[in-house]
Amino acid sequence: MTSRSSGAAVASHYDDMPLSLVLFRYLWPFWLFKDASRGDHMTRAAAYRHNRSMRIYLPGYLMKWMFSCVTTFAITAGFGSLSATAQAASAADSVDVFAIIAAGWGIVFTCSVCVLFVTSYIYFYLSRNDT
């Protein structure tokens, strides 16, 4: 047990990490889990128990990715509507920059939906299967 009577502030272990690693751990839920498909029977069972104990953090990640899906869909819809109005106002030979931006955000939306589905499947699998 550590003593806090010295008055010094306790530093978080995130203070020593680079910002990219902190963002990675904030957004990517799969760093929490161990591979339960390798090793002998005891190693796989220990990894599965670890994964079941870490599933309690998945609803927070699901909320983050749900917010990401809603945000990217709104941005895609916004640039899509700008593309439709810009296409009607300009000549047909010009490149529609808003449509390209909307397509890029649509790809980000699709990736967000995939992460959301995989994370929810893992959560339900680890919640229901007690093998």
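The values are calculated or read from the model by the stated rules, or taken from the named source; none is laboratory data. Please read all numbers here as calculations on a predicted model, not as lab measurements. Every residue, glycine as well, gets a Cβ built from its backbone with ideal geometry; the counts of neighbours run over all protein chains shown. Please note that ligands, DNA and RNA were not included when accessible areas were found on the heavy atoms of the full protein model with its side chains. Shrake-Rupley method; radii C 1.70, N 1.55, O 1.52, S 1.80 Å.
In the set (1) modelled with pLDDT of 85 or more; (2) out of contact with any Ser or Thr (no Cβ under 8 Å at 6 or more places or on another chain); (3) closer than 30 Å to residue 116 by Cβ; (4) not basic (Lys, Arg), residue 42 fails one condition alone, (3). In region 58-81, of all residues being within 18 Å of residue 24 (Cβ to Cβ), open to solvent by less than 50 Å² (accessible area, probe 1.4 Å) and of a type in the set (A, V, I, L, M, F, W, C), the one that is farthest from the chain's Cα centre (by Cα) corresponds to 58.
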